[in-house]
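I have placed the structure first, in the form of structure tokens, so that the comments after it can refer back to it.
The values are calculated or read from the model by the stated rules, or taken from the named source; none is laboratory data. Source: prediction; values computed, not measured. With ideal geometry, Cβ positions are generated from the backbone for all residues, glycine too; neighbour counts draw on all protein chains shown.
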Amino acid sequence: MMNDFAKHPVDETSAASLAGNGLRYGLVDTSDRASFTAWFQADSRGFHGPTMSKEQVDSSFAGVTYRRTIGVWDENLVAPEVPVATTSSWTEQLTVPGSRSIDAWAISSVTVSPTHRRRGIARSLLEGELRSAADMGIPMAMLTVSESTIYGRFGFGPAVFAAELSIDSKRATFTSAKRRGKLQPVSPSEFGSEAPQIFERIRTSTPGQIKVWPLRWDQISGKAPGDEDYTKKTRVVRFDDDGGTPRGFVVYRVTGGGLDFTNHSLTVDYLLAENAEAYEALWRYVLEVDLVREVKAELRSVDEPLLWNLTDMRAVKATPVDHLWLRILDVPESLSARQYSGAARIGFDVSDALGFAQGLFLLETDKTGTPRVSSVDELPADAAIVALSVNELSSLYLGGVAVESLVTAGRVREVTAGAAAIVERTFHSPVTPWLSVWF
Ligand SMILES: CC(=O)SCCNC(=O)CCNC(=O)[C@H](O)C(C)(C)COP(=O)(O)OP(=O)(O)OC[C@H]1O[C@@H](n2cnc3c(N)ncnc32)[C@H](O)[C@@H]1OP(=O)(O)O
């Protein structure tokens, strides 16, 4: 069954601007197999993916039908049924500090055919998505990005960073003795039935995480058709506690080796651990696999506890990269959705070229960190006041970005002396924001 957001009509301003360039902007009828297949092929082409097989289209078809699927068509082409641009969007729960969540408009599959690039099509698509989300009363938009150069112009700011890890497994010894529990190889199906429940418990207390849809779990575990090599190489190991309850999984592949058989590389595609025991056991497992010299992992937390599990922290090379970008559309709704660290009175002078978040806003929190937010004509003189654009406010929102860094970089201006330190203290999240998937 389709949710209402999937049927929300396309934005009229973007439709008119694209029509002026001879292009049609519209919703894809996801119940029509031929139209949806043409859209999938355009999406895959846009990301330099292969022409999708029938099995891959079938599984994608079942997995993302609920989304608002948009195409742009050029009727003058030899194959006019294949869109020249795509997007896919849906309402998603984003966890925010205080184990709460906010409805956010997730935007994905933004592609423009290389034959139609740099004519303003992506701008029409993105602005159309933002106006549609605002129209539906959704307070925030979000995306994960292929390049960090594209989305700032639309008011997005990076709010969650991810670390890419490269670990020298020969240097990685643990500070503590092996704990109890049991490890065992399991199938992708077992992962599919147990891992989402474990993840749910982690997601709801980790700012930056979103609900993960079933097709994504199948892709992670190699169960979804599409990448045969990935499916064949993928292994899954489960950790059970002493009571026999599954508490974590690792999904990984071993590649390379060559003539020197001790030189393999192990890639952790997903490591999910509900408690410290599972976390240590699963990392210890991958770091002790024989014939492996390097363990790699992507999309790990920038505050990965593993470094503290090891006797030699320098065994781990961690490279941070921007991952989740947020775009506040409704300031009072967004700021009201999260918990803060204590009592404060903060004024924000927000600029927004697209207008959604422009204005003066007062955030008042009590000593429990519960907020009250109002849009005001004038900011009170006794508030800690900062001036910033919606990009920076969106970056600061989850409490994982240091305000002082943005002040030093000239991206946030302290209107009252010492305001940045108050914002920092009030916004800081005790749980480091982390998003463990792409969307
Ligand atoms: C959420 C996601 O899906 S992330 C994935 C994004 N998609 C990809 O990376 C797939 C490959 N790339 C593409 O499909 C296209 O090149 C897109 C979607 C990135 C851009 O589409 P286009 O239609 O060419 O962009 P458009 O002409 O509307 O440009 C809009 C603005 O963005 C700028 N821009 C476009 N692409 C880029 C880029 N890769 N890097 C920096 N700036 C860019 C343009 O210069 C323009 O700037 P301005 O309006 O401020 O002067």
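In the range 53-67 there is at least one residue that is under 26 Å from Val160 (Cα atoms) and within 13 Å of the ligand (Cβ to nearest atom).
Can you say whether Gly137 is surrounded by fewer than 17 Cβ atoms within 10 Å (Cβ to Cβ), away from the ligand (no atom under 11 Å from the Cβ) and not charged (D, E, K, R), as far as the supplied structure shows? Judged against the criteria, Gly137 is a match. In this structure, Ser14 qualifies as crowded, with 19+ Cβ neighbours inside 10 Å and in the same structural domain as Pro83 (by TED's automatic domain parsing). Within this structure, Leu94 fails the test of being of a type outside the set (S, T, N, Q), touching a Phe, Trp or Tyr at 6+ places or on another chain (Cβ under 7 Å), within 16 Å of the ligand (Cβ to nearest atom) and outside the structural domain of Tyr340 (by TED's automatic domain parsing).
The requirement of being over 20 Å from the mean Cα position of the chain (by Cα), at pLDDT below 95 and away from the ligand (no atom under 16 Å from the Cβ) is not satisfied by Ser193.
Taking the condition of being more than 15 Å from the ligand (Cβ to nearest atom), on the phi < 0 side of the Ramachandran plot and out of contact with any Asp or Glu (no Cβ under 9 Å at 6 or more places or on another chain), how many residues in the range 97-134 meet it? The total comes to 3.
Determine whether the range 360-377 contains at least one residue that is over 30 Å from Ala297 (Cβ atoms) and crowded, with 22+ Cβ neighbours inside 10 Å. Checked the range 360-377: at least one residue is over 30 Å from Ala297 (Cβ atoms) and crowded, with 22+ Cβ neighbours inside 10 Å.
Residues in the range 98-137 that are farther than 17 Å from Thr87 by Cα and touching a Ser or Thr at 6+ places or on another chain (Cβ under 6 Å): Ser99, Ser101, Asp103. The residue that is nearest to Thr311 (Cα to Cα), counting only those in the range 131-174 that are among the β-branched types (Val, Ile, Thr) and in a loop (DSSP other than H, G, I, E, B), is Thr173.
Listed by first and then second residue, the pairs linking a residue in the range 258-269 that is closer than 14 Å to Glu288 by Cβ to a residue that is among the small types (Gly, Ala, Ser) and assigned to a strand (DSSP E or B), with Cβ atoms under 6 Å apart and 6 or more places separating them unless they lie on different chains, are His264/Gly256; Val268/Ala297.
Applying the criterion of at least 3 residues that are among the aliphatic types (A, V, I, L, M) to the strands (runs of 3 or more DSSP E) found wholly in the range 59-130 leaves 85-96, 100-112. Would you call Ser124 crowded, with 20+ Cβ neighbours inside 10 Å, small (Gly, Ala, Ser), at pLDDT 95 or above and touching a Leu at 6+ places or on another chain (Cβ under 9 Å)? For Ser124, the condition - crowded, with 20+ Cβ neighbours inside 10 Å, small (Gly, Ala, Ser), at pLDDT 95 or above and touching a Leu at 6+ places or on another chain (Cβ under 9 Å) - is met.
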